[in-house]
1. May I ask which of Lys204/Lys396; Lys645/Lys694; Lys164/Lys439; Lys361/Lys617; Lys606/Lys644; Lys178/Lys236 have a Cα-Cα span longer than 24 Å here?
2. What ratio of Cα Rg to 2.2 N^0.38 Å holds for the chain?
3. When ranked by the protection proxy of mean other Cβ atoms within 10 Å per residue, highest first, what sequence do the peptides 398-406, 498-506, 30-38 form?
4. Could you give the angle, 0 to 90 degrees to the nearest 10, between helix 594-608's Cα long axis and the longest principal axis of the Cα atoms of the chain?
5. Charges at C-beta only: +1 for Lys and Arg, -1 for Asp and Glu. How large is the resulting dipole of region 285-439 about its Cα centre, in Debye rounded to 20?
6. Along region 525-538, what does the Karplus equation 6.51 cos²θ - 1.76 cosθ + 1.60 (θ = phi - 60°) give for ³J(HN,Hα), rounded to whole Hz, x for Gly and Pro?
7. By per-residue mean of other Cβ atoms within 10 Å, what is the highest-first order of 149-157, 385-393?
8. What relative contact order, as a whole-number percentage, does region 556-710 give when Cα pairs under 8 Å and 6 or more residues apart are counted?
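We did not get these values from a lab; they are worked out from the coordinates using the rules stated. This is a predicted model, so every value here is computed, not measured. Here the Cβ positions follow ideal geometry from the backbone for every residue, glycine too, while neighbour counts run over all protein chains shown.
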Amino acid sequence: MRNITLAVLLVLNSMMSSAQVQHHVIPVSDERSRDFDALHYKVVLSLDPQKKILAGSNTITLRPLRSDLTEVILDAESLIVSEVLSGRESVPFNQSDSTITITLDRTYTHQDTMTFTVYYNLSEPVDGLRFIDALGDRPLQVSSNCFPNNARQWIPCFDYPNDKVSQEMIITTDSKYKVLSNGKLVGKDSTSNGTITWHWKQEKPHATYLINLSIADYFVVNDSFGDLPVNYWVYKSMAGDVERVFGKTPYMIDFFSRIFNYTYPWDKYDQVISGYMGGGAEATSATLLGEGIVTDEHAEQDYPREYVIAHEIAHHWWGDLITSRSWEHTWLNESFGTYSEHLYTLHDKGVEEGAYDLLSKKRAYLDEAHNRFMRPIVNMGYEQAGDNFNRHTYEKGACVIHLLRYILGDDTFFRTISTFLHRHEFQPVTTYDFMKCVKDVSGKNMDWFFEQYFFRPGHPVFNVSKSWDESEKKLKIVIIQEQEKWEGVPIYMIPVRIGIHTSTGKAVKEFWLKEKNEEISLELNSKPLMVRFDEGNYILKELTYEKSLDELLYQVNHDDLTGRLWAVEELAAFSDDVRTIECWRETAIGDDFWAVRAAAIERISKFQGAKNISLLKKSTGDKSSRVRTAAVKALGSLQDPSLKKFYKKIFRNDNSYAVKSETLLALGKCGNKTDISFIRQAGMQESYGDVVKKAAQKALALISSNQTNE
């Protein structure tokens, strides 16, 4: 029903009663219609992983949503239906490439409940249920991939997230395999012919894209969170890494249960390795994770994957408990899942890691906005469900949730999301459901906020300037919004915090921006040492804000993480001043946070790397592998052959794969044929994702190119 529209009246909250009321026409939904409510699927399958075939049935219990139902249409692709039975009676059906139409024996009404069984088989490869060959340490396996609408490829069903069902999965396969699905393990029965039947039951309703079936000769490690079973299904070769990789899982479940004020809602939590996955995919009471989630003891410092585990656990509230009714509202799944990464990082790793995590999300979104596309978070202009899964839905949405949290305040924000989860548990939901919950809990009409940030594309682009009048002791700040260069991007009404540092201390004042051009005038006792725009970094934005050298030097030493990092980069405007270089040098060694030290090293490298070799060499001993990597990269850019022995020493002694890789690239930039043997031998070292091998190959190519050009 794409053409239905709704005029949404945007009434500003009481704080902004003087602002003009706006009207915008917004599509209601692209939600799929249905004639019935599916209640329960009982799937009985016999699978042969080696032959890559299955045969079985789905017994479907449903209730009509109309009073004249004479046929039921189910989604079904690739699988071949052989018979449909109602009780013992055969029921007529017709199968097309994408559906099964079942003709009922009479007219059914909304007061009826009916059950019938569809028998079928599958003998061709499909995306929805992958038969994966053994390879190296990877065992032969079967792994479901139901997102977004692939369940229909191996289960005849209504395959859309606005319908939730309970489910049974009764799977018979060779006894050498272990079988995992959703919910509780009801039973496990062996037979005399070498097979075993696993019976899993998911009693609480969920969407079909969250169905899981995983089969392999897994190594299963049992854990728990109180009475909740928590299990890790891995390859046998991964057994020694389980505790390090998955050991925080109960701790994460506890954290999210408390911060959402909603106890983990499912019967168990499993994490299972899948040979086709790149990252992670939620399934109710389980998560499918790619093989790359299992790192060795050295890799996590360079390629942290803990955030993936946190993200997928959070989905058991945001996506599984409540589920986007249709795909344009998928931010309710993914933005909250991504913001949960930030909540966990802040809780587990501290304020600065939490702030850097959020900054990284902002940068990821801005990269997509400038280099790919700019669209609303609630996006109606999609052809496939997967079109809505991008950095707008993940990272931008997370940043917007953070701003909403600031505007509402922590107490109201967390009460709102807890109320939303309790109110809509086990239901499909829309953005409008969440908007109403915000109103009900906070008492504030925040439609203006959602209209700006969820139904419009883009973000604020601020040009900020300031001046000081010594005679009147007045600070004037001019704020211009410049985002009108993009079609459809609004002039934002938004609160901004101004942080003012003086010799007597720091003060923070909040102002509401409403117009393209705003001017703020403040009376102060003395000229400020620093004026911070968006104190706390709450706004997803681009910012042009010219400052003096003195203020930037002060900011590097006195601001929070995001302010220090910004100031280090802005000092490039004064790169020919000795004070700038000295500031970068001191920051590269002395700042408390690794990202600021790394940024200072990058600036030194760009402007005065050759004059600071001693400092860069010292930074290769930093406690953070990411700073060490930046230092080696900076040295490598000098293409100095005298450093070759130094690089080889680092390669031998450093335990970071990223550092090792960067040393090989540095060698490639300055080396010659005498270094080929070392690089080849180095490239044989095993590493996470083969990053060292790949770096060695690039290094050899660089040497070859250098020799050709000589």
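1. Table pairs above 24 Å Cα-Cα are Lys204/Lys396; Lys164/Lys439; Lys361/Lys617.
2. Dividing the Cα Rg of the chain by 2.2 N^0.38 Å gives 1.09.
3. Going from most to least packed, we get 398-406, 30-38, 498-506.
4. 50
5. 940
6. 6, 8, 4, x, 6, 7, 10, 9, 8, 6, 3, x, 6, 8
7. 149-157, 385-393
8. 15
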